[in-house]
Structure formats: C-alpha cells, structure tokens
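Values quoted throughout were computed directly from the atomic coordinates according to the rules given, and no laboratory measurement underlies them. On a predicted model such as this, the values are computed, not experimentally measured, just so you know. Cβ placement follows ideal geometry from the backbone for every residue including glycine, while neighbour counts extend to all protein chains displayed.
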Amino acid sequence: MSNMRPLLEVAGLKKHFPIYGGMFGTETARVYAVDGVSFDIAKGETLSLVGESGCGKSTVGKAILRLIEPTGGEVYLDGQRIDNIPLVRLRPLRQRIQVVFQDPFSSLNPRMRVRDILAEPLINFGLAHGRAEIDDRVAKLMDTVRLPRDAMRRFPHEFSGGQRQRIGIARALAPGADLIICDEAVSALDVSVKAQIVNLLSDLQDELGLALLFISHDLAIVEHLTHRVAVMYLGKIVELTDRRTLFAKSHHPYTRALLSAVPVPDPDAVRSRVILTGDVPSPINPPSGCSFHTRCPFAYDRCRIEEPELRTVGEGHQSACHLDHVPGGQVVPVPR
C-alpha cells in the first residue's frame, strides 16, 4: 500500500470548538477536539483510527466530510484540496466520500421505504433516471449487501440492527464512493452481527477496491479488518503503523495499555496488564508537554515540558514518545 498514491491525505487537521460565556458572550475557552492530525489512505486500503471515547476520532471523520468545518490543516482527495473549497464545488466530490454512521436505528429515515432511501443518492447525483432504471440499480445494491430484493419495499423498523447497517452500507455505495468513513459502524451491534458486517466490508473492499477509514475503539475488530492503525489520544495521533507491527511490537505506552485491555478467549492466558492511573485530561486544558504524561508510568521531566513529535521508530512505524523501548520491556530516554 505504501507505494501507491494516497487517495486521501490529511495534514495537520485541527478542530477547536469555542466556548462562549460571560455577559457579552465572548469566547472564554476552547475545546481542542482535534489538534494536528496527519495521515493518508491509499486506494483499496483500510486505515483504522482507534482510541478511547472522546479522543477526537469521530470529529476527524466529520471534519474530512465537511459535516463540521475544520479549524485548520489541509485535506486532499486524489491530490485536490477539499477542506477550503466552497460547498457548492464540494458537492460533486461527495460522491467519492461517503459515511456509514454508528447508529443504524437513527441514521435511516423511518418514514421512507428502503427503495426510496437507496434511490435518493442516485437521483441527487443524476446516476439513474426513470423508475425502471432506479429500481434496477436499487435491486443490485440489495444484492451487493446480501439482502433480498423484495426487502426494498419495507420500512427500516422492519429490519434488525445488522440489516439496517447493511442498508446504510448500500446507501454509501450507491453514488459509487471510492472512500467510505465507517464511524463506529459496528459498535451498536451484537458480537455475531459485528463479525458479519466486518466480513461484508472486507468482501466489498476486495470486490470494489474501496478505501476505508474505520473509526473504532474495539481493537479486537480492528485486528481482523485493517491494514494500518492510527492510535489517537486527546486529539492527537500518538502511534501509526501497520496492523501486525502494532499488535506484535507496539511502541507508545498508551498503545500498550490499550492492547493489554483487549479480552482474550483463553482464560489461562498469561499476559502483563498495563494499568493506567488517573483520568483523561480535559481537552479544554490539555497538559503541557506530552499529553499522556499525566497517566504514563514511564514519564520523566522532558515529557512534562516538551511535546513529542511523531518520529520513525521502525519501517513504516511512527510514535510520539520521548522513550525508546528495549528488549526485556525496559524503556530508555531518547537523546535530545
């Protein structure tokens, strides 16, 4: 994947939410929800964005889609910058980037039949004309997501959660998207249904060459779907590498803590747990230096003063940490 031209490039993306108060409604504080996030996704690649709730994962997805306007940074789609163009010019590009939302129960219009839900993007983008052609395209979309064709006459409330999410995926595929942002697309589903949706996304990626930005907090799901993983903490990416390296040789202490908390099916398995103390700091007043130093068991003076940058710690492996990990699980400071 690394030799392919990126389909999506995100550089220094920021989203700050002002907080207003006082007698005159002036800005009194600011929420640093996303604060300088950079990554790229190649055609046909899956990049997973993981981290605790509230770290800014979903905000990244919404800012890329321009559902919320970014505060700073740049976003490129196939080399064309899309974060600063007028919305009227962005509309044709929305065909190429679509989204599957977290909650399949609220993301579908309950007053519309499935046929009309899937026909809407076809009509909006002028991809099908006339009832017969639209019905044919909708029927093929139902085939694509493994739903019976006669189900297009039903309303969303007549489907299970997993079936509704399949409809959401079909809607994202309708305009011919190159990139689909899956915003916690399986977190509201039962375990067995999660596996079915993940397998469907994997199959569709192979069949259609889709690129996926998979936003999730479930590392067990991520391990079976992704090519690369970006770990977020308090609005920043702290580690970025391929799937195998992350799960076998993670570098950042926060990543190691996340991985140690993933349940394993073997009750006799022995592994070291990384127990983090304290709470996640407020994004309104993030700590100085490394944002993780307030909870990191290895933090030292430099961590409290100097913010680490993403640096290369291996082939295709970046980590924002002032420490180097050595055999035996020990850590040593990186020379300035």
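Before moving on, here are some points about what is shown:
- Think of segment 138-266 as a dipole: +1 on every Lys or Arg Cβ, -1 on every Asp or Glu Cβ, centred on the Cα centre; then among Ile169, Val191, Leu246, Ile169 lies furthest on the positive end.
- Inter-probe distance in nm under a simple model that places probes 7 Å from Cα toward Cβ, at Arg153 and Ser260: 5.8 nm
- Antiparallel %, DSSP beta bridges [both residues in segment 150-293], to 5: 55 percent
- Anisotropy class of segment 114-215 from Cα gyration tensor, a/c 1.5 cut: oblate
- Model label zone, Glu207; criterion: amide N under 17 Å from point 7 Å along Cα-to-beta-carbon; scope segment 130-148: 136-148
- The alpha carbon convex hull volume per residue for the chain rounds to 171 Å³.
- Extension gain for Arg146 to Gln95 (0.36 nm times residue separation, less C-alpha to C-alpha distance): 16.1 nm.
- In this rough spin-label picture, where each label sits 7 Å from Cα along the Cβ direction, the Val191-Ala248 distance is 2.7 nm.
- With the Kirkwood sum run over all distinct C-alpha pairs, segment 66-116 has a hydrodynamic radius of 13.4 Å.
- A full extension of the chain between Ala29 and Thr312 corresponds to an added length of 98.5 nm, given 0.36 nm per residue minus the alpha carbon distance.
- Using Cβ point charges alone (K and R +1, D and E -1), the dipole size of segment 43-138 about the Cα centre works out to roughly 220 debye.
- Under a Gaussian network description of the chain, with springs only between Cα atoms under 10 Å, the residue in Asp178, Asp324, Asp103 that fluctuates furthest is Asp324.
- With contributions of -39500 (n - 2.57) from each DSSP H run of at least four residues, the per-residue ellipticity at 222 nm computed over the chain stands at -8500 deg cm²/dmol.
- Note on the chain: with charges restricted to the Cβ of Lys and Arg (+1) and Asp and Glu (-1), its dipole about the Cα centre is near 520 debye.
- Extended-chain gain in nm, criterion 0.36 nm per residue less alpha-carbon gap, Asp218 and Lys43: 60.6 nm
- Applied to segment 163-169, the Karplus parametrisation 6.51 cos²θ - 1.76 cosθ + 1.60 on θ = phi - 60° returns per-residue 3J(HN,Hα) values of 5, 5, 5, 5, 5, x, 5 Hz, with x for Gly and Pro.
- Sites listed here are chymotrypsin sites (Phe, Trp or Tyr not before Pro) in segment 28-112 whose DSSP assignment is loop and whose Cβ has at most 15 other Cβ atoms within 10 Å: Phe105.
- Beta bridge orientation in the chain: antiparallel %, DSSP, nearest 5: 65 percent
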